[in-house]
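Since every read-out is calculated from the coordinates, none of them should be taken as a lab result. Keep in mind that this is a model prediction, so the values were computed, not measured. Note: ideal-geometry Cβ built from the backbone for every residue, glycine included; neighbour counts use all protein chains shown.
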Amino acid sequence: EDQVTQSPEALRLQEGESSSLNCSYTVSGLRGLFWYRQDPGKGPEFLFTLYSAGEEKEKERLKATLTKKESFLHITAPKPEDSATYLCAVYSSASKIIFGSGTRLSIRP
Amino acid sequence: GAVVSQHPSRVICKSGTSVKIECRSLDFQATTMFWYRQFPKKSLMLMATSNEGSKATYEQGVEKDKFLINHASLTLSTLTVTSAHPEDSSFYICSAVAGPGNTIYFGEGSWLTVV
């Protein structure tokens, strides 16, 4: 059964304190793994798509990596404006999209 | 980047009436769109997959006669909540697949309140 699990459920960091969010997945044929940022009351904002193990992508303070079983979203020297819920999703070869439950990230000034 | 637009962003309707939410891909064609429902502080729950020119595929537990989905063109999918009840009040979000990279972009969501 296709499944996506994100951890931790919530993460509180001090401004400048780097950390990583995890997304573990099992899927029958991966067409893409996505990371999104969602602010309260808004639709998810696209961050990255990863397609194959070993792939890495970066955008400002964020870096996403992918293995055959999991993806990490590394956040370097975060700022309070990085506070949001980060969602991971996989798009399967069966044209199904499965979301993780998200990680609520809070950055204290 | 690709843009997906949802309309309306907020709607209030009376119990028993129907309401339509539109999802448009503004700068790309989308043969596949998805509709989700999201409860407060919860992740997105996939309701159905909408393919242009064919019937939508509904997830288990989603009433297809209550949540009518139409994907009549490559840039527009609609979700109609029929005979709405207060328990249908929620945040509804659509997304569209932009090929050939299969990146999935989301709309801003629509808040539905049934009174």
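GNM, chain B, Cα, under 10 Å: largest mean-square fluctuation among B:Asn51, B:Asn70, B:Asn102?
Sorting by GNM fluctuation, first place goes to B:Asn102.
Taking the Cα centre of the protein assembly as shown as the origin, how large is its charge dipole in debye, to the nearest 20, when only Lys and Arg (+1) and Asp and Glu (-1) carry charge on their Cβ atoms?
200 debye
What per residue convex hull volume, in Å³, do the alpha-carbon atoms of the range A:1-52 yield?
125 Å³
Roughly how big is chain A's charge dipole about its Cα centre, with Cβ charges of +1 (Lys, Arg) and -1 (Asp, Glu), in debye to the nearest 20?
80 debye
How would you classify the range B:1-74 from its alpha-carbon gyration tensor, with a ≥ b ≥ c the square roots of the eigenvalues: rounded for a/c under 1.5, else prolate if a/b is greater than b/c, otherwise oblate? It would help to have the intermediate numbers written out before the result.
Details: a/c = 1.41, a/b = 1.25, b/c = 1.13.
It is rounded, given that a/c, with a ≥ b ≥ c, falls under 1.5.
Averaged over its residues, how many other protein chain Cβ atoms are within 10 Å of peptide A:96-106's Cβ atoms?
3
Say we join alpha carbon atoms closer than 10 Å with springs in a Gaussian network model of chain A; which of A:Ser24, A:Ser95, A:Ser71 then has the biggest fluctuation?
Maximum fluctuation in the GNM of chain A, among the listed residues, is at A:Ser95.
On the Cα set of the range A:40-94, report Rg and Dmax in Å, please.
12.4, 38
Computed over the Cα atoms, what is the radius of gyration of chain A divided by 2.2 N^0.38 Å, N being its residue count?
My calculation over the Cα atoms of chain A gives 1.02.
Cut-off 10 angstrom, C-alpha nodes, Gaussian network model of chain A. Which of A:Ser20, A:Ser92, A:Ser28 fluctuates the most?
A:Ser28
Taking just the alpha-carbon atoms of the range B:72-112, what radius of gyration and Dmax come out, in angstrom?
13.0, 40
Evaluate the relative contact order of chain A (contact order divided by residue number), counting alpha-carbon pairs under 8 angstrom at least 6 apart; express in whole percent.
Answer for chain A is 37 percent.
Send over the Kirkwood Rh of the protein assembly as shown, from the inverse of the averaged 1/r over different Cα pairs, rounded to one decimal Å.
Averaging 1/r across every pair of different Cα atoms and inverting gives 17.9 Å.
Going down the table (A:Lys42/A:Lys79; A:Lys69/B:Lys64; A:Lys42/B:Lys55; A:Lys68/B:Lys41), which pairs top 24 Å between alpha carbons?
A:Lys69/B:Lys64; A:Lys42/B:Lys55; A:Lys68/B:Lys41
Any chance you could run the full-extension gain for A:Glu81 through A:Ser18? It's 0.36 nm times the residue separation minus the Cα-Cα distance, nm to one decimal.
Result: 21.3 nm gained on full extension.
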